[in-house]
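A short worksheet on the structure shown next.
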Amino acid sequence: MTTLTLGRALNEGMRRAMEDDPKVLVMGEDVGRLGGVFRVTDGLQKDFGEERVIDTPLAESGIVGTAIGLALRGYRPVCEIQFDGFVFPAADQIITQLAKMHLRSLGAVKLPVVVRIPCGGGIGAVEHHSESPEAYFAHTAGLRVVACSNAADAYTMIRRAIASPDPVIFFEPKRRYWDKAEVSTDVALSDLPDLHAAQVVQPGDDVTVLAYGPSVKTCLEAAAAAAAEGRSLEVIDLRSLNPLDVDTVEASVARTGRCVVVHEAPVFAGFGAELAARITERCFYRLEAPVLRVGGFSTPYPPSRLEDHYLPDLDRVLDAVDRTFAW
């Protein structure tokens, strides 16, 4: 076991994948010489060369389009989108090409492309640098969509994502890049946890709290505060949005009878709406209260000095928990 930051765990995961498979490439804006704006790819170009760690032009559609061509020739490209808000110029390539090719070819063509996207707020960034676009891609059939929340998962999930035969949209919580955890790096790929399995990170009996990415830590803090008040929250890290591990969610909600969903994206038409619908369909007779959602407001992401008011925090999670007991 090694203590790593989340960002360093991603680096080690990509490094291991590149050592195991010479067809794995890393590409994106400033990923080589600079090592990425968050230094997640630091040292990879030095160790693997400019032909495998490629500094691209500032053109997201070109990055993903080139990755599609490389994947067609047998490579496994790992693309970095420098900030979440920059992914939209590549949306056409991702949605109309990357997600469709497997079905269009009747299964003959596979595109093992990973698109890494630093997501969410909390770092005091300017406009277009703090978005949460996961619902757009979870809605797109043909894409696997995952979000890590801690260093241990970052390492195992990036390795699993790179090995996947399907395109994976990989969300990384940028305000958690510096959080540390114990990581086991000496594990064979076949022994790594399932990429799409949710994990119960805090067992509890009274309310199920669902989260992913940057919101998981917030929910764990809320669970600790609730415990001091005599309430037991079960926190589940979804890890994968598409496919969704509904069985783990259902088992928890059927037992607790209450559920709160937390994410940074706006609540309206956010991924929490899908979760609330699925839970209502599958747990209707076991629910003691409606599924409540906590998230961002239906506004563009605010200037940095206001983002603490926009992002879901411990108090807003606990308020939703309190409201579930008012029914």
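The values are calculated or read from the model by the stated rules, or taken from the named source; none is laboratory data. From a predicted model like this one, the values you see are computed outputs, not experimental measurements. Reconstructed Cβ throughout: ideal geometry from the backbone, glycine too, with neighbour counts over all protein chains shown. For the accessible areas, the whole protein counts, side chains as well, though only heavy atoms, and no ligand, DNA or RNA atoms are used. Shrake-Rupley method; radii C 1.70, N 1.55, O 1.52, S 1.80 Å.
Its relative contact order, with pairs defined as Cα atoms under 8 Å and 6+ residues apart, puts the stretch 150-296 at 22 percent. Where does helix 215-228 land angle-wise versus the long Cα axis of the chain, in degrees 0 to 90, nearest 10? The helix 215-228 is inclined about 30 degrees to the chain. About its Cα centre, the stretch 2-191 has a charge dipole of approximately 360 debye under the convention of +1 per Lys or Arg Cβ and -1 per Asp or Glu Cβ, with nothing else charged.
Each of Glu50, Glu172 has its accessible area taken with a 1.4 Å probe; listed largest first, they run Glu50, Glu172.
With contacts taken as Cα pairs under 8 Å at a separation of at least 6 residues, the chain carries a relative contact order of 16 percent.
Ordered by solvent-accessible area of protein heavy atoms (1.4 Å probe), largest first, the residues Asp186, Asp237 come out as Asp186, Asp237. For the stretch 199-326, pairs of C-alpha atoms spaced more than 27 angstrom apart make up 12 percent of the total. With semi-axes √(5λ) of the Cα gyration tensor in Å defined as stated, name the option among (i) 46, 31, 14; (ii) 27, 25, 19; (iii) 33, 20, 19 computed from the structure displayed. Recomputing semi-axes √(5λ) of the Cα gyration tensor in Å here picks out (iii). Axis angle, to the nearest 10 degrees, between helix 151-163 and the longest C-alpha principal axis of the chain: 50 degrees. With the simple model of a label 7 Å out from the Cα in the direction of the Cβ, Asp42 to Phe297 spans 3.7 nm.
Plainly put, the stretch 2-191 has a radius of gyration that is 0.93 times its Kirkwood radius, both from alpha-carbon atoms, as the Rg/Rh ratio. In a reduced charge model with +1 at each Lys and Arg Cβ and -1 at each Asp and Glu Cβ, the stretch 118-189 shows a dipole moment near 60 debye about its Cα centre.
Taking amide H positions as modeled 1.01 Å from N, with prolines and chain starts lacking one, the residues under 5 Å from Cys259 and 5 or more places away or on another chain are Thr208, Leu292. Highest average first, the peptides 176-184, 239-247 ordered by how many other beta carbon atoms sit within 10 Å of their residues are 239-247, 176-184. Of Phe284, Val200, Val253, whose Cα points farthest to the positive end of the dipole of the stretch 199-326 (charges on the beta-carbon: +1 Lys, Arg; -1 Asp, Glu; origin at the Cα centre)? Projecting each Cα onto the dipole axis, the largest value belongs to Phe284.
Using heavy atoms of the protein chains and a probe of 1.4 Å, the accessible area assigned to Phe88 is about 90 Å².
Residues Asp194, Asp308, Asp313 ordered from highest to lowest accessible area at a 1.4 Å probe: Asp308, Asp194, Asp313.
Extending 7 Å from the Cα toward the beta-carbon at both Ala269 and Val109 defines two label points whose distance is 3.0 nm. Here the stretch 1-19 and the stretch 209-275 have alpha carbon centers that stand 27 Å from each other.
Positive-end ranking of Leu25, Pro57, Ala9 along the dipole of the stretch 2-70, with charges on Cβ about the Cα centre, is headed by Ala9.
Rounded to the nearest 10 degrees, the angle from helix 6-20 to the longest Cα principal axis of the chain is 40 degrees.
Sorted on the mean count of surrounding Cβ atoms within 10 Å across their residues, most packed first, peptides 255-265, 123-133 read 255-265, 123-133.
Label separation (Asp313 vs Arg286): 3.4 nm, computed from points 7 Å beyond Cα along the C-beta direction.
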